[in-house]
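Just so it is clear, none of the values below were taken in a lab; they were calculated from the coordinates. Because the structure is predicted, anything quoted here is derived from the model rather than measured. So basically every Cβ, Gly included, is an ideal-geometry build from the backbone, and we count neighbours across all protein chains shown.
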Amino acid sequence: MPRGSVELTNARKDEIVNACEKLYQTMSFKEITLKEIGKVTSFTRTSIYNYFHTKEEIFLELLRREYVLWIDEIQQIMDKNEKLDKEAFSEKIARSLEHRERLLKILSMNMYDIEENSRMENLIAFKQTYGASLQTMLSCVEKFFPKSGITDRQSFIYQFFPFIYGIYPYTAVTEKQREAMKEAGIDYAYQTIYEITYQCLIHLLTALE
């Protein structure tokens, strides 16, 4: 790590992550390289190594940042509402995930490679943020469904969070995939992130009432 203030180091990391985020809007995970990221930053590929050793570490930080934003939105739901019934809770949480399409895409498409090719200290930092998202959601469920027991609330978490990993492929379908489904004779009803998340939450929350 080069010498400099913490603020400067964080600013340089942010520039790199922001560049990766921009490229991910038009390029696939496989297409994005440290060289490509360097082209849209003030860094050379060699300079990027001072902050991230692999492109997977950059994506891991991007994903961590997405979790921070989601945590903030869940916290706002708790802060701004005294009570929510099953339908209102499901609507607000589903909307919060609708705002985090990038999080859902990375989780479903590239998570294994990202974790496998990141240094342990970076992975630990990410897991800490991920753990905070679990705890924040648990607190949210506890606030709005106070009659539920801890076992039921934990069961909700352990079902909902794995479900999140599978949302993106069911809601972001290419024309090639649609054509293949049609030719295979599969009559599939495509749903939005909001729709599929809302329905799942309604089902899971029934056990908490």
> Which value in nm describes the separation of the simple spin-label points at residue 75 and residue 127, placed 7 Å from the Cα toward the beta carbon?
Replying inline: 2.3 nm
> Can you give me the relative contact order of the chain as a percent, contacts being Cα pairs under 8 Å and 6 or more apart?
Replying inline: 24 percent
> Between rounded, prolate and oblate, where does the range 1-70 land on the alpha carbon gyration tensor, with a ≥ b ≥ c its root eigenvalues, rounded for a/c under 1.5, else prolate if a/b exceeds b/c?
Replying inline: oblate
>> Going by amide H atoms built from the backbone, whose H comes under 5 Å of the H on residue 27, apart from near neighbours?
In response: none
>> Using the Karplus curve 6.51 cos²θ - 1.76 cosθ + 1.60 with θ = phi - 60°, what ³J(HN,Hα) values do you get for each residue of the range 13-19, in whole Hz, with x for Gly and Pro?
In response: 4, 4, 4, 5, 5, 4, 5
> Averaged over all directions, how much area does the convex hull of the C-alpha atoms of the chain cover when projected, in nm²?
Replying inline: 13.8 nm²
> What list of ³J(HN,Hα) values in whole Hz, one per residue of the range 23-37 in order, does the Karplus curve 6.51 cos²θ - 1.76 cosθ + 1.60 (θ = phi - 60°) give from phi, with Gly and Pro shown as x?
Replying inline: 5, 5, 6, 10, 10, 7, 4, 5, 6, 7, 10, 4, 5, 5, 5
> Per residue, what volume in Å³ does the Cα convex hull of the range 41-87 take up?
Replying inline: 105 Å³
> Which of 22/176; 55/105; 86/147; 86/143; 22/55 have a Cα-Cα distance over 22 Å?
Replying inline: 22/176
>> Suppose only helical runs count, i.e. DSSP H with n ≥ 4. What mean residue ellipticity at 222 nm does that imply for the chain under -39500 (n - 2.57) per run, divided by all residues and rounded to the nearest 500 deg cm²/dmol?
In response: -23000 deg cm²/dmol
> Which residue, chosen from 207, 23, 107, occupies the Cα position most advanced towards the positive end of the dipole of the chain, where the dipole is computed from +1 (Lys, Arg) and -1 (Asp, Glu) charges on Cβ about the Cα centre?
Replying inline: 23
> Using the alpha-carbon atoms, what tilt in degrees (0 to 90, nearest 10) does helix 86-98 show relative to the longest principal axis of the chain?
Replying inline: 20 degrees
> Any idea what angle helix 150-164 forms with the longest principal axis of the chain, computed on alpha-carbon atoms, 0 to 90 degrees, nearest 10?
Replying inline: 50 degrees
> How big is the gap, in Å, between the Cα center of the range 29-48 and the Cα center of the range 139-209?
Replying inline: 35 Å
> Which angle from 0 to 90°, rounded to the nearest 10, does the C-alpha axis of helix 55-80 make with the longest principal axis of the chain?
Replying inline: 40 degrees
>> Can you give the local net charge around residue 176? Use residues other than it whose beta-carbon is closer than 12 angstrom to its beta-carbon, Lys and Arg +1, Asp and Glu -1.
In response: -1
